[in-house]
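Coordinate-derived values only; no laboratory data. The model shown is predicted, which means the values in this text are computed figures rather than measured ones. Note that we place each Cβ from the backbone using ideal geometry, even for glycine, and neighbour counts take in every protein chain shown.
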Amino acid sequence: MSKRLSLFVAFFALIFSSCEKVVDIDLDDADPQYVIEAEVYEGVDTVEVQIFRSTDYYGKSPQPPIDHAVVILSDETGDSTQIPAAGQGRYLLPDFTGVAGRRYDLSVTVDGKIFTARAVMQQPIQIDSVTAEFRKADFRSEGYEVAARFTDPAGVQNFYRVIYTINDTLQNEPGDLYLLNDKFTDGKVMKADLFRRFLPGDKIEFELRTMDEKVFDFFTTLNDVLNNQEGPAPSNPNTNIQGGALGYFGAFTSSRKTIIVTD
Amino acid sequence: MFYKPVQYLLMLLLMPVMAMAQNVTVSGTIKDAANGEDLIGAIVTVKGQTTKGAAANAYGFYSLTLPAGDYTLVYQYVGYSSREEVISLQKNTTLNVSLSPVSRNLDEVVVRTERADRNVSATQMSVFRLDPKQIESVPVLFGEKDIIKTLQLTPGVKAAGEGNAGFFVRGGAADQNLILLDEAPVYNASHLLGFFSVFNSDALKDVSLYKGAMPAEFGGRGSSVMDVKMRDGNNKEFSASGGIGLIASRLTVEGPIVKDKGSFIISGRRTYADLFLKLSSDERLKNSKLYFYDLNVKGNYQLSAKDRIFVSGYFGRDVFGFNDLVGFDWGNATGTLRWNHVLSSKIFSNTSFIFSNYNYRVKLFFDDEDITIKSSIQDLNLKQDFTFIPNPNNTIKFGFNIIHHTFKPGSFQVSGNSSFNSQELTGRKALEGAVYVQNDMQVSDRLGLQYGLRYSGFNFMGDATAYTFDAKGNKISERKYKDWESITYYGGLEPRVAAKYQLNNVSSVKASYNRNYQYMHLLSNSTTASPTDIWVPSSNNVKPQIVDQFSAGYFRNFKDNMFEVSVEAYYKDLKNQIDYKNGAELIFNELVEGELVYGKGTAYGVELLIRKQTGRLTGWLSYTLSRSLRNFNDINNGDAYPARQDRIHDIAIVAMYDLNKKLKLSANWIYYTGSAATFPSGKYTINGMQVPYYTERNGYRMPNYHRLDLGLTWITRKTEKTERSWNFSLYNAYGRQNAYTISFRQNEDNPAQTEAVQVALFTWVPSITYNFKF
């Protein structure tokens, strides 16, 4: 829903002639920070952790990877595994079974620093259906509106992210960040629809992920930094990692469904 | 042993009232002879004894107490012919006087004010008075003359953003300005997201912005009072005036209800950007709406020699709609009923009943959903003010004010079979009250004192649900309160003191101190004013803001009051300031109080104003050097940081030049160094996206801002009763792309590259308005 509201504000801004251009702003170079992206999924899947250092803002080289960290994943039952380095800043543990409802802890030790994080894996939510319906022009041009539907469990707070791939290309621009919660839709059939219209032959894959509130907070504040810098003061996303690193540790469930639009 | 100090204290308090034998009072009203409007601040003095005088109050009432005898009284108001009245004053007498405006001579463009030397002689400092007629030719965005935009060109006042009607006064926040229209508070003073203010200057008589040294009769906001008075309407004959412009048109109709006894004025304004949308071939645009309107109505009637009643109302609304899918409207409605009563020749009373409502509504229709979101704040206010003038050296004001606030922060209603749930946030109620007393005292020829005390209180009450939170903002408990049951009470004393010492006829020094409590706070998620900003009351979680301000200045007039110069320095201490946790959810959040963090601030600066009030060239030059800093434990690691509105240098030059009887040129030039801003000092990748990395808050500056506006008024026809003119204006005449926002993002074509992108809102914006009066 927030996408619609932001669109009419955009339409509004369009009426007033405005100019956008790239400018040269002098920026300081802060000390490089540790950046950790860690994800564990429900079911049998690979646990993936990425560790890098931040760079100065205008730098063109990719961020330097950290390959010498000790990464340990444990859970509330006491099980604990080290995740081995796979090079280029990645740490992979294949064939790991993630259990819904379980609490996971991550610890990363590098250069004398220890970073820890905790995430709770939620119950999996399946996409019930993906539909394509023809629509006349309204906000968008005429075409097929493609939406995924899923049922939100009543009585519990749920947090979702929708990731979509169009014609085999992962939509990964900052503007594609799609986050939902059930604040107004508890217990209802929720709909994730894409803010564009499609043509027959387009292939769209939806992935619905669930996460806990802290990880959701990270992604919504990340969204503010990427897409809403007009707020009073942008600030680093609220990380669930303790110790001073940037990034997040998320325990997700994932459900996918694909549709090919037909006439 | 403490007898003596008590005795002195009593004498000091009662000194103004100690009657002198055989004194008699002459009182009455001073009005404009052409249309019957009250002349606020007009003065009456005894010929030959200019130190003995009185000034007309906000309703044109004056009272002058003298020993019995024969006098020649001189009535004066700058811009009007002065008038002498010879009287033999033996008993209390009523003498109503009308002054005629001077016929305008090219070399004598005068701004209507009370005393020509008021810059130097008035004890009141830190105030900027604006005559709405004077600003007719100040060029503003879209050609719509706008008092708020014009006030943003004066020292100590900064615009909240390009084209934004929000403003900051002396480093204070945008919600610290009390905006009053005929005594009714206006909660959202801007249209169209801030590009226009709600004030149609055709309907206005007087605008005073108090930046400090606020008289004790005002309270409730920390940084300023913008006191806007509407005209009463011509009580001698009918008249209409208005203008047709590119974006909006306006019409004002006024006239007598009963000649010389009562009058009315109705003033309306509407934009019609959406009429152009109807010409579009696109169905979606055809069904869209985009307009705002303002309607000011006022009537007044003299019931008897001692009684006068006023009824005034303001209704304004912004309407935005897109193709029947989205509708968004918001606006203020205010109503005031006032009763002036002359209790005696020395005591004047005003009783006001005020109603104010601000609400917004969003309607969404899509995919068979029918959703309405509403929010409102409503005030009912009873205000009683007395003015007691025992002798020419003292004017005592006292009174009280009670406001009942009702907040409905949000309701979300769906109809039919919806995939959304209806919700309603708990309402809030409060009772805000104050009593005050103040004396404006002329101690000697040189020394003037204005001293007063205001006590204000705020009772946050039910029926409502109140929450408590831990240090992290998580809810600990909740409790339901019954209607009128007190949840929290706050109160405090607000001393208001000012002094003026006149060095000689043309210069004086002044100093003041005042304290202001603010019990209502505006939570805003963006730097630009948004209609969805929410007003919240002080509560068991939110303490009232307390602002202490010291100011001192040197005031000098040159060339027989042609030039007014003032240099003022101020220092402000702000307590209990509010900010938000990172990622705070302000919209539709029942537990919004858990998202707030608290801290303090300081603001200080020096303001220079050079104002030319008479002659073919009029206008002013304003320069402000200032800082505004904040300090919160939860922000910036507890280190002090510049507030968003911290702009160190701020210059404005406003000039209006009468080329000849038919042409008037005007120009503004504004320059200010950039506001404090938060920019990244690094970057990193998350999920393949480049993310800016921030270190300290507001550690950078936006680029410097400057622009030139030009205006031309061409009077095609002017007689005593009618006038026709064309106004051409060009906003941002040299088309500089001033940064409105600077954002940091990855390059569209090459995601590995990141860049800074500037959005500039307006380059050249020309505007034409046709004005008429008959």
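For chain A, the longest principal axis of the C-alpha atoms and the axis of helix A:2-15 are separated by about 60°. Other residues lying with their Cβ under 14 Å from the Cβ of B:THR94 contribute a combined charge of +3, Lys and Arg counting +1, Asp and Glu -1. Calculated translational diffusion coefficient of the protein assembly as shown (10 °C, 1.306 mPa s; Stokes-Einstein with Kirkwood radius over alpha-carbon pairs) equals 50 µm²/s. Centroid-to-centroid, using Cα positions, the range B:733-770 and the range A:84-144 are 36 Å apart. Dipole size of chain A about its Cα centre, with +1 on Lys/Arg Cβ and -1 on Asp/Glu Cβ: approximately 680 debye, rounded to the nearest 20.
Taking Lys and Arg as +1 and Asp and Glu as -1, the other residues whose beta-carbon sits under 12 Å from that of B:ILE587 total -3. In this structure, the pairs whose alpha-carbon distance is over 24 Å, taken from B:LYS661/B:LYS773; B:LYS133/B:LYS662; B:LYS289/B:LYS363; A:LYS188/A:LYS257; B:LYS145/B:LYS662; A:LYS191/B:LYS683, are A:LYS191/B:LYS683. For the range B:201-267, the list of chymotrypsin sites (Phe, Trp or Tyr not before Pro) that fall in a loop by DSSP and count at most 15 other C-beta atoms within 10 angstrom reads B:PHE238. Using Cβ point charges alone (K and R +1, D and E -1), the dipole size of chain B about the Cα centre works out to roughly 1840 debye.
So what's the angle, to the nearest 10 degrees on a 0 to 90 scale, between helix A:213-227 and the longest Cα principal axis of chain A? Result, in degrees: 60.
Rounding to the nearest 10 and keeping the result within 0 to 90°, find how far the Cα-based axis of helix B:3-14 lies from the longest principal axis of chain B. On a 0 to 90 degree scale, this one is about 90. Roughly how many whole Å is it from the C-alpha centroid of the range A:145-199 to that of the range B:537-560? Distance between centres, Cα-based: 50 Å.
Given axes a ≥ b ≥ c from the Cα gyration tensor, I'd like to know whether the range A:60-190 is rounded (a/c under 1.5), prolate (a/b larger than b/c) or oblate.
Taking the square roots of the gyration eigenvalues as a ≥ b ≥ c, the range A:60-190 is oblate.
Which lysines, on any chain, are close to B:LYS397 with Cα under 24 Å apart, when same-chain ones fewer than 8 places away are left out? B:LYS397 reaches B:LYS31, B:LYS52, B:LYS205, B:LYS211, B:LYS229, B:LYS306, B:LYS346, B:LYS383, B:LYS500, B:LYS510.
When you filter the GluC sites (Glu not before Pro) in the range A:95-153 for DSSP loop state and at most 15 other Cβ atoms inside 10 Å of their Cβ, you are left with A:GLU142.
Running Debye on the range A:130-254 with equal point scatterers at the Cα sites and no solvent, what base-10 log of I(q)/I(0) appears at q = 0.10 Å⁻¹? Log10 I(q)/I(0), no solvent term: -0.38. Dipole orientation for the range B:482-526: of the candidates B:GLN502, B:TYR513, B:TYR490, B:GLN502 has the Cα lying most toward the positive pole (charges on Cβ; Lys, Arg +1; Asp, Glu -1).
Aspartates and glutamates near A:LYS60 by alpha-carbon distance under 12 Å, same-chain residues fewer than 8 away left out - which ones? List returned: B:GLU755. Based on the alpha carbons, how large is the Rg to Rh ratio for the range B:570-699 when Rh follows Kirkwood? Across the range B:570-699, the Cα-based Rg/Rh ratio is 1.17.
Other residues lying with their Cβ under 13 Å from the Cβ of B:ASN381 contribute a combined charge of -3, Lys and Arg counting +1, Asp and Glu -1.
Put +1 on the Cβ of every Lys and Arg and -1 on every Asp and Glu Cβ in the range B:621-763; which of B:SER626, B:PHE679, B:GLY638 then has its Cα farthest towards the positive end of the dipole? Checking the options against the dipole of the range B:621-763, the answer is B:SER626. Considering only trypsin sites (Lys or Arg not before Pro) in DSSP loops that have at most 12 other Cβ atoms within 10 Å, the longest stretch of chain A without any of them is A:137-263. Summing Cβ point charges (Lys, Arg +1; Asp, Glu -1) relative to the Cα centre of the protein assembly as shown gives a dipole of roughly 4780 debye.
Here is the list for the range B:590-663: GluC sites (Glu not before Pro) lying in DSSP coil, each with at most 16 other C-beta atoms within 10 angstrom of its C-beta, are B:GLU590. Each of B:TYR77, A:ALA132, B:GLY222 was scored by the projection of its Cα onto the charge dipole of the protein assembly as shown, and the greatest displacement toward the positive side belongs to B:TYR77; charges sit on the C-beta of Lys, Arg, Asp and Glu.
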